[in-house]
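Notes follow the structure.
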Amino acid sequence: MDAVSQIKSRLSITDVVSRYVALKKAGRNMKGLCPFHDDHSPSFLVSEEKGLAWCFVCQNGGDIFSFIQKIESVDFPEALNILAEMAGVDLSKASPGKTSADKDKKLRLLSLLESAEEHFRSNYLQHKKVQEKVEERKISQDTIQKFGIGYAKDEFHDLENALLKKGYSRKEMLDSGVVTVSDGKGQEVYDRFRKRIMFPIADHHGSLRGFGGRIFKEGEPKYLNSPESVLYEKSKILYGLNFAVDAIKKKDFCLITEGYFDVIACHNAGIDNTVSVSGVALSESHIKLLHRFTKNIVFAFDADPAGREATKRAIQTAIQAGSNVFVVSIPGGKDPDESLRGDREAFPNALEARTPVMDYLLSALFEGKNPDHISDKRAILDEFLPFLSLFPSDLEQGFYVKKLSDRLKTPEMVVQKELIEWKKKNTHERRIPKAEKLSLSSPVQEAISPFSFLVGYFGAFPDLLPSSEGTLLADLIPENTEKKFYNAMLKEYNTTGALHPKVLLTEFSEEEAKHLELLTLYCEEHGDKLPEDTRKDTVKKVIKNLNKALITREQRILTEALKQTPKCGSEEKEILKKLHDLTRLIARF
């Protein structure tokens, strides 16, 4: 069995999609918010039976391979790697001799990082003082092991020598970022991380991508991270997300902190929907990644000036990406790790009482300022308006204009005018996400035509098919994929007394089969909401209206043909007879 077949046999479409989208039962299918557009009402359908996930609003989705390619922005070979890892399929055994040079290189570097993680972990277990330093933070052994905390010795060639013994080259070590090179003449290679507590950094699938290191005692920089590499794109990876995905989906919010120990301490305390950035500011890519699991983002950054500025930047990024944003005010101005080491109830309580973002900003901007002074009044306005302008809702803007005017002791109309003027000057900077009004592609356009709708209904609800035979004027319908499928269903039913639309699809091309499956999925979504009797009535009404339309079209065609036909001939008589028959037929409907 080839790799694709092995993966398909082990992974269902629900298995794959549920890692990115929170799904709920919707009739015979599952449904969730579409990860491909700004979806506020669940429109992403997942059909276990068909192996398809599809959004009929933005026309995105597909089978497990198409879905991964689109959501991860990767080509087919990379999607194959991701799914193989999910399914536990060894690609080297499943498809020997077919791996590309790039894939081989990535696999080597991933293996190297795993060896480095083992080495750091071994060092940690050998250094009692390092263990005591970590355990001072009241972190359990299970959590320490879960996050793979390690230690890099205060030596220049410790990891380098260990990896050389395992057969890795210095070039591979440089490519992975675990070593660096001196600026001296000899270009000597040496360990990037030394005398540091080590944190393995994985992507949201759990694949190791790099490391973060915190200085053990004194030294600069306090934190050091792996550089960007073929494996590690900092703007797309959030520390701890591999452990947090399920909890984020379950709790429907993600807590974002600043440091590695903040994440670890939160998970240790059961707040397992926590992540942090590593080495970079929060990016739009980070937020888009989180939006696969939730739109609700909660920030718990340090309360010092640097932390507050970081919070403001992160807030702007999150709002621009369409998040619902909240902020935690940590008691005593501590970070989550420090707070949890003191009063273990204080931080969870603060998290529960988290503040909507605009209320937080109002409080933060008024600190240390006197709204009676015109200069402070101006400063508050200048800082608050850019955030306020990010909200597309006039209702939200009006609500906070009122709050701001009250606190500034300034007429509401003056604040509103300031907002309008700011927008005029800065419209080029505004990036408000809106749901795109995409045109419907052919599968849905055809699905809402009467005959395609019927065919989709019969594919979704086979028991309704017999009611069409003898009542639907199928002979008047032009030959196309839907008519071919309809005739195939009728033939099977009349021959066997049963109907298996999915089996019949094997007689169609891949493109035709996908079209028909999407058509059926579209009609399932419509029909599953209706009682059985209503579905039957719907089919009867559609057949009746379709027959009228077919007869009217046929009459028009014959009337045009009659104009071109010689008078009193046999051809004219035949056309007149057909028109007469059609007139009698239409009276039935």
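Among DSSP beta bridges lying fully in the chain, give the percent that are antiparallel, nearest 5.
75
Which value, in Å², gives the accessible area per residue of the chain when a 1.4 Å probe is used on the protein heavy atoms? Don't jump to the answer; show the numbers that get you there.
Numbers: 29180 Å² over 589 residues.
In whole numbers, the chain has 50 Å² accessible per residue.
Run the accessible area of the chain with a 1.4 Å probe and give the carbon-and-sulfur part as a rounded percent.
Carbon and sulfur: 51 percent of the exposed surface of the chain.
Can you give the net charge of the other residues whose Cβ lies under 9 Å from the Cβ of V179, counting K and R as +1 and D and E as -1?
After counting each charged neighbour, the total is 0.
Compare M86, M198 by solvent-accessible area with a 1.4 Å probe and give them largest first, with all protein chains kept in place. Intermediate results must be reported in sequence, preceding the final value.
Details: M86 30, M198 0 Å².
The most accessible residue leads, giving M86, M198.
With +1 assigned to the C-beta of every Lys and Arg and -1 to the C-beta of every Asp and Glu, and no other charges, what is the dipole magnitude of region 1-136 about the Cα centre in debye, to the nearest 20? The partial results should precede the final answer.
Numbers: 19 positive and 20 negative charges, 45 e Å.
In debye, rounded to 20, region 1-136 gives about 220.
Here are labelled values, (i) 1.10; (ii) 0.99; (iii) 0.95, and one is the computed Rg/Rh (Cα atoms, Kirkwood Rh) for what I pasted. Which one?
(i)
So which cysteines in the chain don't have a second cysteine's C-beta under 4.7 Å from them?
Singleton cysteines: C58, C254, C266, C523, C568.
Assign unit charges at the C-beta atoms only (+1 for Lys and Arg, -1 for Asp and Glu), then state the dipole size of the chain relative to its Cα centre in Debye, rounded to the nearest 20.
740
Along the charge dipole of region 442-589, Cβ charges K/R +1 and D/E -1, which of S452, L521, L473 sits furthest on the positive end?
Positive-most Cα among the choices belongs to L473.
Report, by chain and number, residues whose modeled amide H sits under 5 Å from the one on A26, excluding near sequence neighbours (fewer than 5 apart, same chain).
Excluding prolines and chain starts, which carry no amide H, the hits are K31.
Roughly how tilted is helix 570-586, in degrees to the nearest 10 and between 0 and 90, from the longest Cα axis of the chain?
The answer is roughly 60 degrees.
Rounded to the nearest 10 Å², what accessible area does K423 show when all protein chains are kept and the probe is 1.4 Å?
K423 exposes around 50 Å² with every protein chain in place.
Mind running the shape call on region 47-86? Use the C-alpha gyration tensor, a ≥ b ≥ c as the square roots of the eigenvalues: rounded below 1.5 for a/c, prolate if a/b tops b/c, oblate otherwise.
Values: a/c = 3.25, a/b = 1.48, b/c = 2.19.
It is oblate, given that a/c is not under 1.5 and a/b is not larger than b/c.
Just to confirm the number: angle between the C-alpha axis of helix 357-366 and the first principal axis of the chain, 0 to 90 degrees, nearest 10?
40
Greater than 24 Å separation of Cα atoms is the criterion. Which listed pairs, K8/K166; K105/K166; K250/K295; K288/K312; K8/K250, meet it?
K8/K166; K8/K250
Nearest 10 degrees is fine. How inclined is helix 394-408 to the longest principal axis of the chain, computing both from alpha carbons?
Here the helix axis deviates by roughly 30 degrees.
Take the alpha-carbon centre of region 156-227, take the same for region 6-33, and report the distance between them in whole Å.
Taking the Cα centre of region 6-33 as reference, the centre of region 156-227 is 38 Å away.
Classify region 476-589 as rounded, prolate or oblate from the Cα gyration tensor: take a ≥ b ≥ c as the square roots of its eigenvalues, call it rounded if a/c is under 1.5, otherwise prolate when a/b beats b/c and oblate if not.
Prolate.
The values are calculated or read from the model by the stated rules, or taken from the named source; none is laboratory data. Please read these numbers as outputs of a predicted model, since none were measured by experiment. Glycine also receives a Cβ, built like all others from the backbone with ideal geometry; neighbour counts cover every protein chain displayed. All accessible areas refer to the heavy atoms of the entire protein, side chains included, with ligands and DNA or RNA removed. Shrake-Rupley method; radii C 1.70, N 1.55, O 1.52, S 1.80 Å.
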